[in-house]
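Laboratory data are not the source of any read-out in this text; all were calculated from the coordinates shown. Please read all numbers here as calculations on a predicted model, not as lab measurements. Counting neighbours? That spans all protein chains shown, and the Cβs are built from the backbone with ideal geometry, glycine included.
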Amino acid sequence: MAKITVIVNPQAGNARHRKQIPALLTQLQALFTIDQIYYTARDGDARRISRGLPAEAWCVVIGGDGTLHDVVNGLQETGNHTTAVGYVPTGTGNDFARANGIPLRPDKAVAALARSRAQSRNVGKAISPELGTQYFINNFGIGIDARIVYDTNQSGLKTDLNRVHLGHFSYGINILRALREQQGFTSTWQGEHTHANQRTYLFVFTNHPFLGGGIRLFPDDRRDPQRLSLVAVNKAPWHILMPILANILSGKSRHPKLHLYQRRHFRFATAAHEHIQIDGEEFQTPVHVTLTQVSQQFWLAETE
């Protein structure tokens, strides 16, 4: 049996799966030899724990995307991209699981680990003088999506919906409020060419198509796992924005004003006062950031 370290966040998803954790650990023990179990209690615990993992170890994370984000950041900060990370999603959004074929039911995710192997996946890397170095498993967003994350986290709605296992709807419910209040702002960005944008509105740098608990930003046939994707929408009148929103929420995510750029390297800068979200964690502009991708080992099903 493979020997694994388990990192558990019992508060993930506002603790909606907390009572399941003993059963999940029993299920893991039937499949693997558990060397150590760590429970997180404070922000940053998962990052600190993962910094101490040896290279080429096996690690299983029971938690949400925020916990997985912290574990990957701890590994990357110590140059340890060879530790294979398995994921049992118990959070609210679980977009990393959705993007990588990991079952969303925790017990089924544990069972899937038995037929999984270590595989390399790209994660985002953002370097800026304001935020330092941040790694992201899902997305780095500036503008309306970060505003929605902020409103969702501040409203308490996510907590209430998580109690009835509907937390993934909390992001969507705050979309209309953000549409009404978010203004366009000035930025510059560089992919293949340098662009000055006076109407920046939605700017999401992402490793995969999903955002906010399953909202699809672009179709699977346009996914390029070897390049970072930028999804951009400029500020426009309501009669233009609403069809774009409807197109995204319908899952089609194809619209002439929904722009997709894919590069190995981006730069972005703004002095405007705007929200930033990195895997759902809140930050603030101004920011001058360079975005690329780096490799990390994950424990994924053979079909991935």
Q) To the nearest 10 degrees, how steeply does helix 238-249 sit against the main Cα axis of the chain, on a 0 to 90 scale? A) 20 degrees
Q) Which parts of the range 219-235 would a label at S295 reach, counting a residue when its backbone N lies under 20 Å from a point 7 Å out along Cα-to-Cβ? A) 224-229
Q.
Give me the percent relative contact order of the chain, please, defined on Cα pairs under 8 angstrom at least 6 residues apart.
A. 21 percent
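Between Q262 and I127, what FRET efficiency follows from the Cβ-Cβ distance if R0 is 22 Å, with the result rounded to 0.05?
Details: r = 20 Å, r/R0 = 0.89.
Rounded to the nearest 0.05, the efficiency is 0.65.
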Q. Packing-wise, with mean Cβ within 10 Å as the measure, how do 99-112, 56-69 rank, highest first?
A. 56-69, 99-112
Q | Rough spin-label spacing in nm, given labels placed 7 Å along Cα→Cβ, for D221 and A246 | A | 2.3 nm
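Could you rank the peptides 277-288, 219-230 by their average count of other C-beta atoms within 10 Å per residue, with the highest value first? Before the final figure, lay out the partial values.
Working: 277-288: 19.5, 219-230: 14.6.
Averaged packing, sorted descending, gives the order 277-288, 219-230.
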Q: Run down the aspartates and glutamates and flag those whose C-alpha is under 15 Å from the C-alpha of K252, throwing out any fewer than 8 positions away in its chain.
A: D220, D221
**Q.** Partners for K19 among lysines (Cα-Cα distance below 21 Å; same-chain residues under 8 apart left out)
**A.** K108, K158
Q. What are the extents of the Cα atoms of the range 127-295 along their three principal axes, listed from largest to smallest and rounded to whole Å?
A. 44, 34, 32
Q) Roughly how many whole Å is it from the C-alpha centroid of the range 188-206 to that of the range 1-36? A) 41 Å
**Q.** Residue of Q11, Q29, Q76 that the Gaussian network model of the chain assigns the largest fluctuation, springs spanning Cα pairs under 10 Å
**A.** Q29
